[in-house]
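One structure is given here, and the rest of the page talks about it.
The values are calculated or read from the model by the stated rules, or taken from the named source; none is laboratory data. Here the structure is a predicted model, which means the values were calculated and not measured. Here the Cβ positions follow ideal geometry from the backbone for every residue, glycine too, while neighbour counts run over all protein chains shown.
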Amino acid sequence: MDLKLEGKCALVTGGSGGIGKVIASQLAQEGVDVVVCARGRDALESTAAALAAQSGRRIVPLVADTSRQESVDAMVQEAIAALGRIDILVNCAAQPAGLSKATRLAQIVDAEALEDINVKVIGYLRTARALAPHMVANGWGRIVNIGGLAIYATGRPVATLRNVGVAAITKSLGDELGPQGINVTAVHPGITRTEAMDAETAARSASSTAIGRVVTAQEVAQVVTFLASPLSVAINGDAIPVGGGWPGATYY
């Protein structure tokens, strides 16, 4: 299937490692030039060089901190200047599993909870806000927000809260921007096999999915790449779980 992505330009936040890196790689393989941004320069530049060599596309590394508005605004302007335009935004800059590990009310630390929301929810809004006028002027765009399956589970209230926030802003932005040619969607990964996961952890986690194994970052990236394409026009404002199915749960 031709996803009609050849020649488009993307910005992937949190693109130096994990799921973000694999998403950037998958987009590049479909003919997309990509700006990858993250806070750590060394990992970012190493990733950009590797993806450029692998794909033959332009991969531009930009250091940015999505928890700060001035950093986001500067990064978006640099990204547009570097590639000429940005058609696709993938918001993936967030600490995996979150900063707050609280499982009980008494364990919640305000500063940790607020930072989780600042980075994953407000950070996504900052980047979308900075880039949306550019997409509107071009008459087309895709925004994909990476959430998490913790949205459907109790036991870690802050983790659930930040992913509910991602779903909420996705729907609001989809309603606002959809009529102007910009579709906004969310993807909720579960436990995902990345370069940081060892084989023992993957095997131990297999029973938590309905497919009997852990979903890979590549498989998450394939869904994101479709959502980033013109072919995904029928999907807007919605969230798609990509965890291999959660046994015993029904979503509607």
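Structural remarks
- Being of a type in the set (A, V, I, L, M, F, W, C) and outside any loop (DSSP other than H, G, I, E, B) is a description that applies to A82.
- The residue of segment 141-158 that is farthest from I19 (Cα to Cα), among those that are crowded, with 24+ Cβ neighbours inside 10 Å and in contact with a Gly (Cβ under 9 Å, 6 or more places away or on another chain), is G141.
- In segment 119-152, residue nearest to D65 (Cα to Cα) [restricted to those that are more than 11 Å from the chain's Cα centre (by Cα), small (G, A, S) and modelled with pLDDT of 95 or more]: G123
- Hits in segment 52-73 (condition: under 14 Å from C9 (Cβ atoms) and assigned to a loop (DSSP other than H, G, I, E, B)): R57, R58
- Failed item in (1) touching a Lys or Arg at 6+ places or on another chain (Cβ under 6 Å); (2) surrounded by fewer than 14 Cβ atoms within 10 Å (Cβ to Cβ), with I117 passing the rest: (2)
- Any hit, segment 79-86, residues being of a type in the set (D, E, K, R) and either out of contact with any Cys (no Cβ under 6 Å at 6 or more places or on another chain) or buried (at least 20 other Cβ atoms within 10 Å of the Cβ) (or both): no
- Where a residue in segment 71-96 is in contact (Cβ under 8 Å) with a residue 40 or more places away in the chain and its partner, wherever it lies, is assigned to a strand (DSSP E or B) and among the small types (G, A, S), with Cβ under 6 Å and at least six apart: D87/G141; I88/A10
- For segment 202-252, the set of residues classified as part of a helix (DSSP H, G or I) and touching a strand residue (DSSP E or B) at 6+ places or on another chain (Cβ under 7 Å) consists of A202, A217, V220, V223, V224, L227, S232, listed by residue number.
- Verdict on Q77 being within 23 Å of V242 (Cβ to Cβ), part of a helix (DSSP H, G or I) and out of contact with any strand residue (DSSP E or B) (no Cβ under 7 Å at 6 or more places or on another chain): no
- Matching option when the condition is within 19 Å of A234 (Cα to Cα) and of a type outside the set (V, I, T), among G155, G178: G178
Residue-wise test of (1) in a helix (DSSP H, G or I); (2) under 19 Å from T216 (Cα atoms).
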residue	(1), (2)
M1	no, no
K4	no, no
V12	no, yes
S16	no, yes
I23	yes, yes
V35	no, no
L44	yes, no
A50	yes, no
